[in-house]
Amino acid sequence: MSHIHIDMENVSFAYEKGEEILRQITFHASETDSVGLIGANGAGKSTFLKMLVGLNLNFTGSIRIEEIPVQSGTLAQIRSRIGYVFQDSDSQLFMNTVYEDVAFAPRNYGLPEKEVEKRVEQALRMTGTMHLKEKQIYKMSGGEKKLISIATILSMTPDILLMDEPSIALDPKNRRNLIHILNSLEHLKIIASHDLDLILDTCERTVLISQGRIAADGPTKEILTDQVLLEENGLELPLCMRKG
Amino acid sequence: MELFSVSGLSERVYMSKIGGTIREIHYMETLSSRDQWVNQIHPLVKFVLTVIYILAVVSFYKYDVAGLAGFAVYPLAVFILAELSFLDSLKRLRFVLPLVCLVGILNPFLDKQEVMLAGVPVSAGVLSMTTLIMKGVFSVLASYLLIATTSLEKLCYALGMLHIPRAAVTQFLLTYRYITVLLEEVDRITQAYLLRAPRQKGIHFKAWGSLAGQLLLRSLDRANEVYESMLLRGYQGDYGYMREHAVPGRQDRRYFIFWMAVFALFRACPVILVIGSIF
């Protein structure tokens, strides 16, 4: 088995005394897989991602990240391997300047300041945002914030990237730029999005979640061209696939 | 107050004051993150100096205006070294300084005896009012200069070095972070309300309850997301901050010793009067 992998076996999740959000999910991904996670609103995409980093712990079944079980005692280990990009960049970025925010994780992991600086520069170069290094977060546009959000997790040098709606509120140019950056990252990626065109451009595999279950799991091109499957699960064909 | 118009509506909607408050917070962060020499001084040194300065200032006798006047040298020097605008700072302290000045306003009426100042008889009440105002203004300016040259994260680091309990420091830091979150939510809710109620001057009292509830829920949600984002990037109750500069360096120590010597000198003798007597 490869070094970098995610294994979920029969995982179900419900908020306290609530209805189950996810039911009997079995999912595996490894190495440089790029997986699109799609589904209608409330399907459980964000819950799925949050379970992988231990933000939702009261699940049943088993989740393992690189053989480490996701449980309260292993969260520090798990989280050092996974980078999570929030849907709302304003929640992700909480420091004053870009440098401080991107340096937050490496500093917390106790790296010496020289290494922190190296990591920050590397992450900013990977996202093409080196020119924003000293900029203050509140002065940045939505597109810039999204790229910096990605840089904040790349500076952790994670094995796995989880992204929740990365293209939300981006203009076409920033969206294209994001796609370019996502394709250049050779990590195991799971991208949850309603933007099916983005999934088509960045993921070779797609998992469709509907009513808490995996309704389909396969090559992106097959799933995103299956109009009947998509419509049955509250979705539509990607814009680029529609005729007329 | 800035104005903007809403298409299709003749009413003018006032931009919220909350937006201005958020900008003020961001402005202070801009100042503290600059590359000025004073900004680079170790936060522990600046914090301890500020505390000692304030203690020295408030320790002056209530009629010792001349002795106290010498202590103006510290804020003046830091203003120059940090290249901060004095007028701009006064503008930002416009709500605090009048309050400070109000503290001693009754002294001239309560203390009517006369004391000698440089051989001239002066009303003791006026003198004690002046020293009170000076003490207040100097203390406020010193605190302002501290936060204008030191980010809150660095200040918290300094507090940690002083063995202030970690939980208290973290609480302080997160409260500061969440003030912005709370203000942003208040701003969003207020704007959304005013844009749909352009004829109203403020928020109608009938809507207060639901808006307050919304504000609480939304702020909690956002605060939780910010906290989750911190957790996911290795946060374990301690900012891994400035490890390389854990201890003040040689330059920091020189800065500290210099100002301690100045404070001791100005506290021990009324330098202003001595200089005045020479000329």
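Using a Gaussian network model of chain A with C-alpha springs under 10 Å, which one of A:I65, A:I181, A:I38 is most mobile by mean-square fluctuation?
Between A:I65, A:I181, A:I38, it is A:I181 that shows the largest mean-square fluctuation.
Report, in deg cm²/dmol and to the nearest 500, the calculated mean residue ellipticity at 222 nm for chain B, where each DSSP H run with n ≥ 4 adds -39500 (n - 2.57) and the sum is divided by the residue count.
Using -39500 (n - 2.57) per qualifying helix, the result is -21500 deg cm²/dmol.
How would B:L90, B:L146 rank on accessible area, largest to smallest, probe 1.4 Å?
B:L90, B:L146
Rounded to the nearest 20 Debye, what is the dipole magnitude of chain B about its Cα centre when Lys and Arg each give +1 and Asp and Glu each give -1 at the C-beta?
That gives chain B a dipole magnitude of about 280 debye.
Roughly what angle does helix A:142-154 make with the longest principal axis of chain A, taking Cα atoms, 0 to 90 degrees, to the nearest 10?
80
Among B:L102, A:F59, B:L87, whose Cα lies farthest out toward the positive end of the dipole of the protein assembly as shown, if unit charges sit on the beta carbon of Lys, Arg (+1) and Asp, Glu (-1)?
The listed residue farthest towards the positive side: B:L102.
For chain B, set up a GNM with springs between Cα atoms under 10 Å and report which of B:V100, B:V78, B:V122 has the largest fluctuation.
So, out of B:V100, B:V78, B:V122, the one fluctuating most is B:V122.
Give me the accessible area of B:I179, 1.4 Å probe, in Å² rounded to the nearest 10.
80
Given 10 Å bins starting at zero, what is the percent of C-alpha pairs of region B:108-197 in each, up to the one with the largest pair distance?
14, 21, 20, 18, 20, 7, 1
Ordering B:K201, A:K114 by accessible area with a probe of 1.4 Å, largest first, what comes out?
Highest to lowest solvent-accessible surface, that is B:K201, A:K114.
Taking the simple approach of a point 7 Å from Cα along Cα-to-Cβ for both B:A168 and B:V122, what is their distance in nm?
3.8
I'd like to know how region B:166-279 sits against the 2.2 N^0.38 Å rule of thumb: what's its Cα Rg over that expected value?
1.90
Return an integer: the convex hull volume of the alpha-carbon atoms of chain A, in Å³ per residue.
Spelled out: Cα convex hull of chain A, divided by residues, is 126 Å³.
Report, by chain and number, residues whose modeled amide H sits under 5 Å from the one on A:Y84, excluding near sequence neighbours (fewer than 5 apart, same chain).
Here the answer is A:L162, since their amide H atoms fall under 5 Å of that of A:Y84.
What does DSSP give for the protein assembly as shown in terms of the percent of beta bridges that are antiparallel, rounded to the nearest 5?
Around 65 percent antiparallel, to the nearest 5.
Rounded to the nearest Å, what's the spacing between the alpha carbon centres of region A:157-224 and region B:244-263? Just the number, please.
Going from one Cα centre to the other spans 52 Å.
What residue among B:A192, B:A77, B:A66 has its Cα farthest toward the positive end of the dipole of chain B, where the charges are +1 on Lys, Arg and -1 on Asp, Glu, each on the Cβ?
Among B:A192, B:A77, B:A66, the one farthest towards the positive end of the dipole of chain B is B:A192.
What's the percent breakdown of Cα-Cα distances in region B:93-152 across 5 Å bins, shortest bin first?
Binned Cα distances yield the sequence 4, 19, 20, 18, 14, 11, 7, 4, 3, 1.
Can you give the direction-averaged projected area of the convex hull of the alpha-carbon atoms in region A:80-147, in nm²?
4.5
Which three lengths, in whole Å and largest first, does region B:68-224 cover when its Cα atoms are put on their principal axes?
67, 46, 31
Taking N as the number of residues in region B:18-84, what is its Cα Rg relative to 2.2 N^0.38 Å?
1.40
Measure out, as a whole number of angstrom, how far apart the alpha-carbon centroids of region A:62-128 and region B:156-180 sit.
21
Given H placed 1.01 Å from N in the peptide plane, which residues other than close sequence neighbours of A:D217 have an amide H under 5 Å from its amide H?
Amide H neighbours of A:D217: A:L208.
In Å², and per residue, what accessible area does the protein assembly as shown have when probed at 1.4 Å with the other protein chains present?
With all protein chains present, the protein assembly as shown gives 50 Å² per residue.
When the Kirkwood radius is taken over all Cα pairs of region A:9-76, what Stokes-Einstein diffusion coefficient follows at 20 °C and 1.002 mPa s, in µm²/s?
168
How would you order A:139-152, B:180-193 from highest to lowest mean count of nearby Cβ atoms within 10 Å?
A:139-152, B:180-193
Per the Kirkwood formula on distinct C-alpha pairs, the Rh of region A:130-224 is how many angstrom?
Every distinct Cα pair counted, the radius reaches 14.5 Å.
Exceeding 27 Å between C-alpha atoms, which entries from my cross-link table qualify? They are A:K189/A:K243; A:K139/A:K221; A:K145/A:K221; A:K45/A:K145; A:K139/B:K201.
A:K189/A:K243; A:K139/A:K221; A:K145/A:K221; A:K139/B:K201
Restricting to chain A, compute how many DSSP beta bridges are antiparallel as a %, nearest 5.
Beta bridges within chain A, antiparallel portion: roughly 55 percent.
Taking beta carbons within 10 Å but only from partner chains, what does the mean come to for residues A:53-62?
Partner Cβ neighbours, averaged per residue: 1.
Relative contact order of chain B: what whole-number percent is it, with Cα pairs under 8 angstrom and at least 6 residues apart?
Once divided by the residue count of chain B, the mean separation gives 30 percent.
Quick one: Cα convex hull volume of the protein assembly as shown, Å³ per residue?
209
Quick one: angle between helix B:250-268 and the longest Cα principal axis of chain B, in degrees between 0 and 90, rounded to 10, please.
With both axes taken from Cα atoms, the answer is about 50 degrees.
Mind computing the radius of gyration and Dmax over the alpha-carbon atoms of region A:26-154? Å is fine for both.
Calculated on Cα positions, Rg and Dmax stand at 16.1, 45 Å.
If a/c stays under 1.5 just call it rounded; otherwise compare a/b with b/c (prolate if a/b is bigger, oblate if not). Do that for region B:155-216, with a ≥ b ≥ c from the square roots of the Cα gyration tensor eigenvalues.
prolate
Is the shape of chain B rounded, prolate or oblate, going by the alpha carbon gyration tensor and its root eigenvalues a ≥ b ≥ c, with a/c under 1.5 for rounded and a/b larger than b/c for prolate?
Judged from the Cα gyration tensor, chain B comes out oblate (a/c at least 1.5, b/c at or above a/b).
The values are calculated or read from the model by the stated rules, or taken from the named source; none is laboratory data. Here the structure is a predicted model, which is why all the values come from computation and not from measurement. In this analysis, Cβ positions are derived from the backbone assuming ideal geometry, glycine residues included, and neighbour counts consider all displayed protein chains. Just the protein is used for accessible areas: all its heavy atoms, side chains included, with ligands, DNA and RNA removed. Shrake-Rupley method; radii C 1.70, N 1.55, O 1.52, S 1.80 Å.
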